Amino acid sequence: MQSTTTMSAPVATISEIGAHSGQTVTIRGWLYNLRESGKLLFPIFRDGTGVIQGVVAKNAVAPEVFDSVKSLTQESSVIVEGKVRADRRAPGGYELDVSNVQVVQRVPESDPYPISLKEHGVDFLMEHRHLWVRTPRQAAILRVRAEIIKAARDFLDDHGFTLTDPPILTPAACEGTSTLFPVDYFEEQAYLTQSGQLYIEATAMALGKVYSFGPTFRAEKSKTRRHLTEFWMVEPEVAYATLDDLMELAEELIWFIVKRCLERRRNDLQIIGRDVTKLEKIEPPFPRISYDDAVKMLQEGFERGSLETRFQWGGDLGSPDETYLSSKFDKPLMVHRYPATVKAFYMEPDPQRPDLALCVDVLAPEGYGEIIGGSQRMASYDLLVKRIHEHNLPEEAFKWYLDLRKYGSVPHGGFGMGIERAVAWICGLEHVRETIPFPRMLHRLYP
Ligand code: 4AD
Ligand code: MG
């Protein structure tokens, strides 16, 4: 580390640089890029909040300052002092006339920053995810992610929900035994949670309207652009809620989140390259169709040659089916009442058609697929015991859960929204791997 100068001007962040127009400020960050044109240097600095182009004129600064900027390497950490100048042509509207610079750590030429501004393959970038997150587009995605999480929590906090945190280490499955991650819990067999749902059903009976927000785990062996093995879910759960109540809640929540991102993260969405006009169309009411009608649409799609196989009633919707259905609408599509056999053990049957579950999947538009899955929960003790056995689940581990049906059982329900799926849709990303700082997938545990 070299320490050549001490900056005396007040520290400013790039995102708020406009407030300092005409003033001299200090920016603490990194060199993103450097262009040279005769006696002028154009370093681009980033500080985590944004990027700004600096201008260093040879005849306006001390020779050491000019030389130290000139020899700066990509991602070297620097503290710069300069005067903020409004410039309509500059991407953020401002440039910095650099007067002084302090190099905090210079990246050596012999071992340069591995991610250059040219294209890299995705495997290389994933291997360098710890550095890739510095790229302005990746940083913008992470800011949108944070906004989505905050929006979801603000919405629920402001609508009478209490946050109740479920355990991560659990003794039993919630979403099927084939995707459990086993953990050796002293002498006992434990698993990483697949969903907080069962536990927040208990807290909903205590507090009425609750939610959980936390990491969930699925040992997904498939390599798809929608699946992670570790992902974050926001799960509201409501005592006395019906399926219609849940659909309304899902609609309001999604609408609120999209509006928030448009209000507060428009600039980031632009950096990401998102077509925001698509998001501006998202407002209630969202279309609601039954599984039966979805099957009809899929069969028509096959007859018209848009789908490769003819969908049979009774099957679960696969990714191509979801993509096909959701691409027919420009708002999220709610598909309700799936056959009980393709859904989880805890779902309440439809009293009109007991072969169907009172459940809903929300499919994001533009082919992004399922972002929310939820249902009314089974209220009957006897039927729940029967389902636990049919699904080959150990009744012993669910004794506490069955208690909820013995002591003041009420109709209730909730849903889970996958944060990464929501981020992928709102940011318009090909793959969920870019939606989380450090994705965990099949064959991806590093960095
Ligand atoms: O549909 P799922 O499996 O539902 C549940 O876990 C319920 N217990 C939730 C509830 O009712 N409280 O998962 C809910 C959502 C999906 O719609 C999807 O957005 C996301 O979680 N999700 C995944 N996201 C990334 N990778 C995976 N492997 C995911 N599996 C589910
Ligand atoms: Mg689901």
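None of the figures in this text is laboratory data; all of them are computed from the coordinates on show. The structure displayed is predicted, hence computed values, not measured ones. We place every Cβ from the backbone using ideal geometry, glycine too, and count neighbours over all the protein chains shown.
Summary of computed values
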{"quantity": "Peptides 329-336, 296-303 ordered by average Cβ neighbours within 10 Å, highest first", "calculated": "329-336, 296-303"}
{"quantity": "Vicinal HN-Hα couplings computed from phi for the stretch 174-179 (Karplus, 6.51 cos²θ - 1.76 cosθ + 1.60; Hz; Gly/Pro x)", "calculated": "10, 10, x, 7, 7, 10"}
{"quantity": "Electrostatic dipole magnitude of the stretch 130-434 [Cβ: Lys, Arg +1; Asp, Glu -1; Cα centre; debye, to 20]", "calculated": "880"}
{"quantity": "Amide hydrogen neighbours beyond the local backbone of Met233, cut-off 5 Å, H modeled", "calculated": "Gly214, Thr216, Ile419"}
{"quantity": "Cβ-defined net charge surrounding Arg405, 14 Å radius [Lys, Arg +1; Asp, Glu -1]", "calculated": "0"}
{"quantity": "Charge tally in the Cβ shell below 14 Å around Asp47, where Lys, Arg are +1 and Asp, Glu are -1, Asp47 excluded", "calculated": "+1"}
{"quantity": "Furthest towards positive pole of dipole, Leu243, Pro215, Val144, structure part the chain, Cβ charges", "calculated": "Val144"}
{"quantity": "Within the stretch 130-434, percent of DSSP bridges classed antiparallel, to nearest 5", "calculated": "90"}
{"quantity": "In the stretch 130-434, lysine pairs closer than 21 Å at Cα, eight or more apart or cross-chain", "calculated": "17"}
{"quantity": "Gaussian network model of the chain, Cα within-10 Å springs - most flexible of Ile141, Ile168, Ile257", "calculated": "Ile168"}
{"quantity": "Gap separating the Cα centres of the stretch 296-365 and the stretch 404-423, nearest whole Å", "calculated": "20"}
